[in-house]
Amino acid sequence: MLDNYFKLKELGTNVRQEVVAGITTFLTMAYIIFVNPAILSEAGMDYGAVFVATCLAAAIGCFIMGLWANYPIALAPGMGLNAFFTYTVVLTEGYSWQSALGAVFFSGCIFVLLSLFKVREWIINSIPGPLKIGIAAGIGLFLALVGLKNAGIIVDNPATLVSLGDITSLPVLLATLGFFLIIGMAARGMRGAVMIGILVITALAVLLGDVQYQGVVSAPPSMLPTFMQLDIAGAFNIGMLSVIFAFLFVDLFDTSGTLIAVAQRGKMLDKQGRLPRLGRALLADSTASIAGSVLGTSTTTSYVESTAGVAVGGRTGLTTVVTGLLFIAALLFSPLAGMVPAYATAGALVYVAVLMMGQLSHLHWDDITEAVPAVVVVVMMPFSFSIANGIAFGFISFVAVKLLAGRHKEVSPVVWALAIMFALKFAFGV
């Protein structure tokens with residue numbers, strides 16, 4: 001039955017190979033069940049409820065992708081998008097987390113429409129490459145700043161804005177150790193390096209008395225504090241339009257880049273270099289985001305860590321179904337998740353930042369009109385503490401640089417429209 005449904009023999013795989021691949025993918029991305037509740041709880045959301053929502057949203061996304069699109073591409077609440085949710089939408093712009101969930105819901109609905117009417121390809125192709133690179137790298141640097149802040153390595157300073165914290169404190173020492181442990185394991189090709197690093201630092205924190213032991217396994221906590229709490233009406237606020245757009249925009253590129261990366265690794269592209277069943281894969285991603293907003297978590301997206309499962313032989317949706325089942329099983333480990341201190345996840349955030357900053361190697365540094373907009377995005381995201389602002393300044397700078405350089409023909413109508421919209425947003429303060 002499994003062979004007929006997932007076409008295992010046709011795709012050169014078997015049940016054992018797919019199960020191993022599913023476990024491998026889960027180990028490489030399971031850190032999200034610790035990191036996501038830690039980030040969203042800073043927005044005022046209940047930690048335990050977000051833990052449950054994270055596991056369920058990931059499982060739902062994996063099941064849809066595996067059973068309907070038949071791809072070994074796992075999904076979970078996205079890094080960067082959760083930081084934008086908490087630190088920009090809620091803590092900086094002052095919206096409630098319920099309204100932010102409403103924005104996630106609407107961005108998912110728009111993503112569904114764009115996928116159904118095949119508008120996504122047109123939008124992606126219209127956005128300049130430098131801005132795509134800058135957005136990925138900028139989110140990485142933003143995550144690094146969040147990680148350093150959570151660890152106490154970087155602290156606020158009235159005179160210099162930021163300065164070095166107490167590097168002899170226990171949180172800083174453990175966060176630093178966690179980062180280097182993750183790097184060392186990753187360099188050796190160990191699966192689950194990020195998750196292992198988080199668990200090791202948490203165990204040390206318990207042994208050193210900085211964290212109280214609460215057990216490992218128990219019944220899942222209640223998800224009622226976040227379930228169906230999204231504020232649909234609040235998301236209709238005109239100021240939320242840029243928020244919805246930012247959620248949609250980042251998810252579009254994140255999903256597209258991940259699908260291409262995983263498909264290339266698994267040799268799933270057709271002779272024209274296109275991904276078969278692309279529409280189903282995109283709909284799996286967007287419907288998972290809608291489900292996640294209802295459950296109580298930020299945007300759910302495809303994970304590039306899926307390449308780890310593909311690397312060990314995963315070729316079908318059975319790999320993703322196995323990963324989804326493991327996220328369901330992870331619901332039993334809520335006490336363990338509750339013991340993870342913020343500094344235990346700091347190393348993971350900085351490690352993810354390193355990977356995302358690698359995108360800058362693809363930038364054409366010899367063309368100043370290409371380099372400047374990308375750098376503007378990278379700089380403005382962390383320094384304005386806003387992913388949305390970084391994207392906005394990137395579009396405006398791209399149009400300005402190309403126009404002043406006499407290369408306005410290289411600016412597409414979509415980019416012109418977005419740049420004008422962002423400029424008006426800043427001009428009128430909406």
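The values are calculated or read from the model by the stated rules, or taken from the named source; none is laboratory data. In this text the structure is predicted, and so the values were computed from the model without any measurement. Positions of Cβ are backbone-derived with ideal geometry, glycine not excepted, and every protein chain shown enters the neighbour counts. In case anyone asks, the SASA skips ligands and DNA or RNA and just uses the protein heavy atoms, side chains included. Shrake-Rupley method; radii C 1.70, N 1.55, O 1.52, S 1.80 Å.
Below is a table of values for the structure above.
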| quantity | calculated |
| --- | --- |
| Only Lys, Arg (+1) and Asp, Glu (-1) charged, at Cβ; the chain dipole about Cα centre in debye | 1120 |
| Sequence-distant residues sharing a close amide H with Thr301 (under 5 Å, placed H) | Ala76, Gly78 |
| Solvent-accessible area, 1.4 Å probe, carbon plus sulfur percent, for the stretch 352-391 | 71 |
| Average accessible surface area per residue within the chain, 1.4 Å rolling probe, Å² | 41 |
| Accessible-area composition of the stretch 1-51, carbon plus sulfur, in percent [1.4 Å probe] | 58 |
| Given charges at Cβ of Lys, Arg, Asp, Glu: the stretch 284-430 dipole, positive-most of Ser384, Val322, Leu332 | Ser384 |
| Charge dipole (the chain, unit charges on Cβ, about Cα centre) - positive-most of Ser115, Gly61, Met45 | Ser115 |
| Derived scalar couplings ³J(HN,Hα) [the stretch 91-105; Karplus, 6.51 cos²θ - 1.76 cosθ + 1.60; whole Hz; x for Gly, Pro] | 6, 8, 8, x, 6, 6, 5, 5, 5, 5, 5, x, 5, 4, 4 |
| The chain: most fluctuating residue of Tyr213, Tyr303, Tyr343 per GNM, C-alpha cutoff 10 Å | Tyr213 |
| Estimated [θ] at 222 nm from DSSP helical runs (n ≥ 4, -39500 (n - 2.57)) normalised by residues in the chain, nearest 500 | -20000 deg cm²/dmol |
| Residue of Arg280, Arg407, Arg315 that the Gaussian network model of the chain assigns the largest fluctuation, springs spanning Cα pairs under 10 Å | Arg407 |
| Positive-end residue, the stretch 105-195 charge dipole about Cα centroid, Cβ charges, pick of Thr176, Val162, Ile135 | Ile135 |
| Those aspartates and glutamates that a straight Cα-Cα span of less than 18 Å connects to Lys425, excepting residues fewer than 8 apart in one chain | Glu93 |
| Packing-based order for 7-20, 345-358, 316-329, 88-101, using average beta carbon neighbours within 10 Å, highest first | 316-329, 345-358, 88-101, 7-20 |
| Simple Cβ-charge dipole of the stretch 113-209, Lys/Arg +1 and Asp/Glu -1, about Cα centre, in debye nearest 20 | 420 |
| Choice from Ala233, Ala137, Ala392 with maximal GNM fluctuation in the chain (Cα, 10 Å cutoff) | Ala233 |
| Within straight-line cross-link reach of Lys267, aspartates and glutamates at Cα separation under 15 Å, skipping those fewer than 8 residues along the same chain | Glu10 |
| Euclidean distance between Cα centres, the stretch 52-77 to the stretch 159-206, Å | 28 |
